[in-house]
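The values are calculated or read from the model by the stated rules, or taken from the named source; none is laboratory data. Predicted, not measured: the structure shown is a model, and the values here were computed from it. We place every Cβ from the backbone using ideal geometry, glycine too, and count neighbours over all the protein chains shown. Remember, those area values only see protein heavy atoms, side chains included, never the ligands or the DNA or RNA. Shrake-Rupley method; radii C 1.70, N 1.55, O 1.52, S 1.80 Å.
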Amino acid sequence: MKSLRELYRIGKGPSSSHTMGPQRAARLFLERNKGAKAFEVTLYGSLAATGRGHMTDVAITDVLAPVAPVNIVWQASVSLPFHPNAMKFKAFDDEHRMTDSWTVYSVGGGALSEGKEAGDMFDTPEVYKLGTMTDIMEWCYSNGRSYWEYVELCEGRELWDYLHEVWEAMKRSVETGINHEGRLPGPLNLTRKAPTYYVKALGYKQSLQSRGLVYAYALAVSEENASGGTIVTAPTCGACGVLPSVLYHIWRGHGFKEDRILNAIATAGLVGNIVKHNASISGADVGCQGEVGVACAMASAAVCQLFGGSPSQIEYAAEMGLEHHLGMTCDPVCGLVQIPCIERNAFAATRALDANLYASFSDGSHRVSFDKVVKVMKQTGHDLPSLYKETSQGGLAKGFENTYNPSHVIGHLAK
């Protein structure tokens, strides 16, 4: 498995696969074609189907247009075999002769791949020798260690400096969102809810206040993401509100020191990494179970560790967090990361707290392992029709196909 640095990425929303990945690809293509007189970028499959709503074209043109004119070609009906999020970059000289061509895939969480078995320019070192939760849990028991200690063993102590940056970015996204009122970009005309939920939660008795605050924090981060603010992929932009909201709530409510929060972030990252390595965290590949479902598993594990869970209880909490999101479709209305994405983050955050509570009442033993659920999630995702995998052609998105106007988004962000 790769480093957690490749799972937790700090950047702009609204989508890691549709915004962060394509923009990164555009920068790499520009580096080798600085003298180009024109560019053409063809978007395939899911990138084309929901690219306007996710501002994929804006992310690419922001990079390339200052150098030369850019033509975006939309091919939603064409899906390349390696991954649904495919794009082809072309560069042209002043006589419109093609000088370079590059096909690349945005595979989730901001990561890129050339779709090659070997020799991929994005191939990075394998940091973790063990790649399943079962093997890592056995290592923990054999060595009397915790999951975060395995992370430190594999990544080195220098990782904590980076996770400190991740935690600071998570806190900023919560606090910015809590204080940010107004309308979200796009034709749905959604009003930000986080500030209202926060104020209302403070008026309730403690038993209800806790749940209301978690809602508010998750909404805050997800709304920041939807408006193109800075967030942390955990494991993706579309699911970025789950882990920060849970950790922020516990940090504020229980006064945990930062070291313990960072340990929990490391454990959560390990859970996300296992799914990324053995299945997928891409909504275009396996549906929203790979995004919000994985985020819930990560947060469940993090909370369980913070409250003293054993390795088996932590594994059980993560298993429940993912298991009870199996089959969840990715069907964003108008291709925007708003409906149902924002609410899903809020509900997944509270479900993570429930998973921890349930696991803490047990001794950690259960029949279905986390690794088994990961395999089932991968197969379930591949069995889902493409209508339900970030194409906005089915599910909740059905009936909204013709209501999107990209000028709404661009105009709003320009204000």
*Within the stretch 362-398, can you find the residues that are open to solvent by 20 Å² or more (accessible area, probe 1.4 Å) and on the phi > 0 side of the Ramachandran plot?*
Gly395
_Every residue from the stretch 164-177 that is surrounded by 23 or more Cβ atoms within 10 Å (Cβ to Cβ) and either closer than 14 Å to Gly269 by Cα or of a type in the set (A, V, I, L, M, F, W, C) (or both)_ = Val166, Met170, Val174
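Which one of Ile274, Ile261 is at pLDDT 95 or above, surrounded by fewer than 24 Cβ atoms within 10 Å (Cβ to Cβ) and under 18 Å from Val151 (Cα atoms)?
Checking each option against the conditions leaves just Ile261.
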*asked:* Would you confirm whether or not the stretch 76-90 contains a residue that is without any contact (Cβ under 8 Å) to a residue 40 or more places away in the chain and open to solvent by less than 30 Å² (accessible area, probe 1.4 Å)?
replied: no
*asked:* Under 8 Å between Cβ atoms, which residue pairs at least 6 apart in sequence (or on different chains) link something in the stretch 207-233 that is free of Cβ contacts under 8 Å to residues at least 40 places away in the same chain and closer than 18 Å to Ser17 by Cβ with a partner that is open to solvent by 20 Å² or more (accessible area, probe 1.4 Å) and not small (Gly, Ala, Ser)?
replied: none
_Here is a list: Leu4, Leu30. Which entry is in contact with a Phe, Trp or Tyr (Cβ under 9 Å, 6 or more places away or on another chain), modelled with pLDDT of 90 or more and under 30 Å from Leu262 (Cα atoms)?_
Leu4
*Specify the residue that is nearest to Leu396 (Cα to Cα); the eligible residues are those in the stretch 321-355 that are open to solvent by less than 20 Å² (accessible area, probe 1.4 Å), more than 17 Å from the chain's Cα centre (by Cα) and not small (Gly, Ala, Ser).*
Val333
*Kindly check whether there is at least one residue in the stretch 129-142 that is without any contact (Cβ under 8 Å) to a residue 12 or more places away in the chain, touching a Phe, Trp or Tyr at 6+ places or on another chain (Cβ under 7 Å) and not β-branched (Val, Ile, Thr).*
yes
*Matching residues in the stretch 46-70 - criterion: being open to solvent by 10 Å² or more (accessible area, probe 1.4 Å) and either more than 21 Å from Gly335 (Cα to Cα) or under 17 Å from the mean Cα position of the chain (by Cα) (or both)*: Met55, Val63, Ala65, Pro66, Val67, Pro69, Val70
*Take Arg97 and decide whether it is open to solvent by 60 Å² or more (accessible area, probe 1.4 Å) and within 26 Å of Arg172 (Cα to Cα).*
no
*For residues in the stretch 237-268 being touching a residue at least 40 places away in the same chain (Cβ under 8 Å) and assigned to a loop (DSSP other than H, G, I, E, B), which is farthest from the chain's Cα centre (by Cα)?*
Phe256
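Here's the yes/no breakdown for (1) closer than 29 Å to Ser142 by Cβ; (2) touching a Cys at 6+ places or on another chain (Cβ under 9 Å):
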{"residue": "Gly269", "(1), (2)": "yes, no"}
{"residue": "Val292", "(1), (2)": "no, yes"}
{"residue": "Ile314", "(1), (2)": "yes, yes"}
{"residue": "Ala318", "(1), (2)": "yes, yes"}
{"residue": "Leu326", "(1), (2)": "no, no"}
*Is it fair to say Ala359 is at pLDDT 95 or above, surrounded by 13 or more Cβ atoms within 10 Å (Cβ to Cβ), farther than 19 Å from Met133 by Cα and of a type in the set (Gly, Ala, Ser)?*
no
*Quick check: anything in the stretch 133-145 among the acidic types (Asp, Glu) and not in a helix (DSSP H, G or I)?*
no
